[in-house]
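Note sheet for the following structure.
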Amino acid sequence: MAARKLAIEGVPAKKAKSIAKSEPVAPKANPGKTKKPLAPERIAAILDGLRKTYPGVVCALNHRNAWELTIATILSAQCTDVRVNLVTPALFKAFPTPKAMSAASLPELEELIRTTGFFRNKAKSIKGASEVVVKDFKGQVPQTMEEILTLPGVARKTGNVVLGSFYGIAVGIVVDTHVLRLSKRLELTKNTTPEKVEQELMKVIPQDRWIQFSHELIHHGRQICVARKPRCSECSLEHLCNASDKTWSSH
């Protein structure tokens, strides 16, 4: 439990500051801009800071198998992982297998997932995904992006979460709202759509770091680099960041 907590929540603020100080300072071109934001040494330093901050990084969604992770990720749209983790135990107790969930009625599913928001659409998606898993894949979530995208409610983000977090297959980078926002703040991309941001990140982040990088950035965006008031004084990437809206700066 302690290891999982550390992997998700990261190191204490004091240690994060020491991590930041151990990394090089990103030189500014002008206020809010870095001279060479995509320089290999800067990318390496960002990855180093994130790795040290979230050692043994893991997906925050509780799951026991690929199917449960697929369902949990569908439910996580426009909803916090904390809320999803509160909902899924009762959902999986009532419908413990894809076959059982595929046979469930929509009203039954809606009632169990109501608090995750958009519950009617999500109920249709998780029932439909379960049906396809049973019918087309013999009850097992497929292990290729092409096949997993045939499941109702599953887009590239969900596909990358399941393939990366459960199967350990790095075919892309998860781009959720946090990854999208932080990638722009760190000047790793200028694009605004998840698809284009993913393609740009895949060019600068080594493939063997795609899975961890997305988890690290997601945790960082939830806990430190928050949208309204980033906690820059507690950030292990502070030396490397020249965002114009920093709340504190050492350089």
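The values are calculated or read from the model by the stated rules, or taken from the named source; none is laboratory data. The model shown is predicted, which means the values in this text are computed figures rather than measured ones. Cβ sites come from the backbone with ideal geometry, for glycine too, and all protein chains shown count toward neighbours. Just so you know, the surface numbers come from the protein's heavy atoms only, side chains and all, with ligands and any DNA or RNA stripped out. Shrake-Rupley method; radii C 1.70, N 1.55, O 1.52, S 1.80 Å.
Just one of the listed residues (Glu234, Glu216) is open to solvent by 10 Å² or more (accessible area, probe 1.4 Å) and either of a type outside the set (A, V, I, L, M, F, W, C) or under 15 Å from the mean Cα position of the chain (by Cα) (or both), namely Glu234. Which of the residues spanning region 110-146 are farther than 21 Å from Leu86 by Cα, surrounded by fewer than 15 Cβ atoms within 10 Å (Cβ to Cβ) and either of a type outside the set (Lys, Arg) or modelled with pLDDT under 95 (or both)? Of everything in region 110-146, those that are farther than 21 Å from Leu86 by Cα, surrounded by fewer than 15 Cβ atoms within 10 Å (Cβ to Cβ) and either of a type outside the set (Lys, Arg) or modelled with pLDDT under 95 (or both) turn out to be Asp136, Gly139, Gln140, Thr144, Glu146. Return the residues of region 205-245 that are within 22 Å of Leu38 (Cβ to Cβ), modelled with pLDDT under 95 and not hydroxyl-bearing (Ser, Thr, Tyr); say none if nothing qualifies. Asp245, the sole residue that qualifies.
Pro142 meets all of the listed conditions (1) in contact with a helix residue (DSSP H, G or I) (Cβ under 6 Å, 6 or more places away or on another chain); (2) without any contact (Cβ under 8 Å) to a residue 12 or more places away in the chain; (3) in a helix (DSSP H, G or I) but one, namely (3).
Among the residues of region 35-50, those that are free of Cβ contacts under 8 Å to residues at least 12 places away in the same chain and either among the aromatic types (Phe, Trp, Tyr) or closer than 26 Å to Asp208 by Cα (or both) comprise Lys36, Ala39, Pro40, Ala44.
Of all the criteria given as (1) of a type outside the set (D, E, K, R); (2) assigned to a loop (DSSP other than H, G, I, E, B); (3) farther than 24 Å from Leu201 by Cα, the one not satisfied by Ala3 is (2). Residues in region 19-39 that are under 9 Å from Ser236 (Cα atoms) and open to solvent by less than 60 Å² (accessible area, probe 1.4 Å): Ile19, Ala20, Glu23. Under the condition of being under 15 Å from the mean Cα position of the chain (by Cα) and among the small types (Gly, Ala, Ser), which residue from region 48-61 is most open to solvent (accessible area, probe 1.4 Å)? Taking the candidates together, the pick is Gly56. What about Gln223, is it of a type in the set (S, T, N, Q) and open to solvent by 50 Å² or more (accessible area, probe 1.4 Å)? So Gln223 does not fit the description; no.
So in region 170-190, with the set limited to residues that are more than 15 Å from the chain's Cα centre (by Cα) and open to solvent by 50 Å² or more (accessible area, probe 1.4 Å), which one is farthest from Ile218 (Cα to Cα)?
Of region 170-190, the ones more than 15 Å from the chain's Cα centre (by Cα) are 184-190.
Still in the list and also open to solvent by 50 Å² or more (accessible area, probe 1.4 Å): 184, 190.
Numbers: Lys184: 13, Lys190: 18 Å.
Among those that are more than 15 Å from the chain's Cα centre (by Cα) and open to solvent by 50 Å² or more (accessible area, probe 1.4 Å), it is Lys190.
Among the residues in region 61-69, are any farther than 16 Å from Ile211 by Cβ and part of a helix (DSSP H, G or I)? Yes, the conditions are met somewhere in region 61-69. All conditions but one from (1) at positive phi; (2) among the small types (Gly, Ala, Ser); (3) under 15 Å from the mean Cα position of the chain (by Cα) apply to Ser76; the one that does not is (1). The test for being in contact (Cβ under 8 Å) with a residue 60 or more places away in the chain and in contact with a Pro (Cβ under 9 Å, 6 or more places away or on another chain) does not hold for Gly32. The one condition from (1) outside any helix (DSSP H, G or I); (2) open to solvent by 10 Å² or more (accessible area, probe 1.4 Å) that Asn242 does not meet is (2).
Per-residue answers, yes or no, for (1) of a type outside the set (Val, Ile, Thr); (2) touching a strand residue (DSSP E or B) at 6+ places or on another chain (Cβ under 8 Å); (3) open to solvent by less than 30 Å² (accessible area, probe 1.4 Å):
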| site | (1), (2), (3) |
| --- | --- |
| Glu41 | yes, no, no |
| Ile46 | no, no, yes |
| His63 | yes, no, no |
| Trp67 | yes, no, yes |
| Ala72 | yes, no, yes |
| Asp81 | yes, no, yes |
| Phe92 | yes, no, yes |
| Met101 | yes, no, yes |
| Glu108 | yes, no, no |
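So, in region 145-191, of the ones that are of a type in the set (A, V, I, L, M) and outside any loop (DSSP other than H, G, I, E, B), which residue ends up nearest to Thr34 (Cα to Cα)? Spell out how you get there, then give the answer.
Restricting attention to region 145-191, the residues satisfying the condition of being of a type in the set (A, V, I, L, M) are 145, 148-149, 151, 154-155, 161-163, 169-171, 173-175, 179-180, 182, 186, 188.
After this cut, where a residue has to be outside any loop (DSSP other than H, G, I, E, B) as well, the list is 145, 148, 161-163, 179-180, 182.
Details: Met145: 35, Ile148: 38, Val161: 30, Val162: 34, Leu163: 34, Val179: 19, Leu180: 18, Leu182: 15 Å.
It comes out as Leu182.
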